[in-house]
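Worksheet: one structure, shown below.
Taken together, the values in this text are just the output of simple stated rules run on the coordinates, not laboratory data. As the structure is a prediction and not an experimental result, all values here were calculated from the model. In this analysis, Cβ positions are derived from the backbone assuming ideal geometry, glycine residues included, and neighbour counts consider all displayed protein chains.
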Amino acid sequence: MNAAMQKLLGGRAGAINLALLAGLLLVVFPLLLEPFRLNLMGKYLSYAFVAVGLVLCWGYGGILSLGQGVFFGIGGYCMAMFLKLEASDPVSTKIQTTPGIPDFMDWNQITSLPLLWQPFQSFAFTLAAVILAPTLFALLIGNAMFKRRVGDVYFSIVTQAIAAILTILIIGQQGLTGGVNGITDLKTLLGWDIRSDSARMILYFVNAGLLLGCILFGKYILSSKLGRLLMAMRDKEERVRFSGYDVASFKIFVFCVAAAFSAIGGAMFTLQVGFMSPSFVGIVPSIEMVIFAAVGGRMSLLGAVYGTLLVNLGKTYFSETFPELWLFLMGGLFIAVVMYFPNGLAGVVDTQGRRLLQAIKRRREVKPKPAPAAAAVRPEPHRTVTGLEATK
């Protein structure tokens with residue numbers, strides 16, 4: 001392993017951990033899980049994009065965003081708009097008053113496709129919009145906040161407010177967005193039925209591959225000079241600013257990267273689940289996404305994935321087994337992690353791993369001393385016994 005790859009992957013240990021995660025996602029889950037559960041796991045992995053972005057933004061950059069559901073929703077709605085237009089061809093919607101437009105538009109007495117929707121008839125434009133729309137929105141927010149040195153709890157409150165505003169806007173514009181029901185009944189992608197088990201398995205692999213790609217890109221950022229500057233800004237922002245660096249620009253960059261990751265997750269969620277609604281945009285889902293990163297470890301990109309899987313598996317199990325208590329159980333899980341494991345699962349694994357290595361090192365250093373050899377008994381020299389001695 002050359003020096004560049006070693007630095008990027010975090011040495012041999014980092015490469016092994018990444019290989020273990022890739023094996024779990026690409027080999028173990030597809031072999032062990034039935035199609036329904038595998039699709040459910042793909043849904044969880046789409047949330048992991050947000051958690052990985054939060055590790056960069058919050059764990060290393062010190063920017064706690066409580067509105068990442070906004071970017072998740074923007075990416076999901078961009079993909080849903082393309083899929084809905086494909087599902088609303090004139091033949092499939094011939095019973096409507098205005099064939100060729102989404103059904104919720106027809107219900108709201110819209111007689112032509114709105115201008116906002118027209119570019120989403122192109123798949124290439126949709127893919128670009130999935131990345132660019134949330135990134136530009138994050139750029140706008142970042143410029144407005146960080147250039148004015150708005151940070152810490154004030155920035156968190158602002159992001160919460162943006163999430164609430166966008167949710168209200170989506171619900172209020174029912175003719176454009178589908179309202180509280182969202183955009184549903186998504187069937188095909190470029191003529192390919194995304195509802196079949198084989199299609200969902202392919203989408204799962206695409207989802208897992210993109211997630212691993214985002215993790216590698218995050219590792220690349222953290223292994224560069226920018227990664228060291230992010231940690232320095234988190235700990236001593238004023239010192240970094242006085243050193244001549246443009247702190248606001250670095251914050252804007254990492255915030256935009258986190259937004260792009262979240263949007264990719266939202267688009268993959270729409271493809272795998274088959275709908276998108278405002279329930280994934282508001283304050284509550286945004287806070288849940290922060291919990292994913294906190295449980296996994298806000299300083300670990302891989303830990304964010306494991307934390308997302310653990311929390312969502314627990315949420316599914318609790319909701320199926322204890323439907324009336326699962327919210328309390330999830331809250332208790334989060335409180336326990338924050339109180340007793342502030343660095344999340346990754347911190348626990350790292351601490352225990354270090355203790356194990358130290359114990360092994362001590363055992364190697366303290367070797368048992370060999371037992372001293374028994375002193376050899378030297379025989380007395382032979383001498384002749386005289387007669388006088390014999391009589392005695």
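In table form, for the structure just shown:
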| read-out | value |
| --- | --- |
| Cα-based shape type of the chain, given that a ≥ b ≥ c are square roots of the gyration tensor eigenvalues and the cut on a/c is 1.5 | prolate |
| Relative packing of peptides 13-23, 225-235, 75-85, 276-286 - highest average C-beta neighbours within 10 Å first | 75-85, 276-286, 225-235, 13-23 |
| Ranking of 29, 49 by count of other Cβ atoms within 10 Å, fewest first | 29, 49 |
| Among 294, 163, 128, residue whose mean-square fluctuation peaks in a GNM of the chain (springs only between Cα atoms under 10 Å) | 128 |
| Region 8-356, relative contact order in percent, only Cα pairs under 8 angstrom and at least six apart counted | 33 |
| Residues residue 316 and residue 116, FRET efficiency given R0 of 30 Å [Cβ-Cβ distance, rounded to 0.05] | 0.25 |
| Order of 58, 192 - criterion: other Cβ atoms within 10 Å of each residue's Cβ, fewest first | 192, 58 |
| GNM result for the chain, Cα springs below 10 Å: residue of 209, 344, 331 fluctuating most strongly | 331 |
| Amide proton proximity set for residue 93, modelled H, under 5 Å, gap of 5+ | 100 |
| Residue exposure sequence - 214, 57 - by fewest surrounding Cβ within 10 Å | 214, 57 |
| Phi-based couplings in Hz for region 164-173 (Karplus 6.51, -1.76, 1.60; Gly and Pro marked x) | 5, 5, 5, 4, 5, 5, 5, 5, x, 8 |
| Cut-off under 5 Å, modelled amide H: who pairs with residue 189 long-range | 194 |
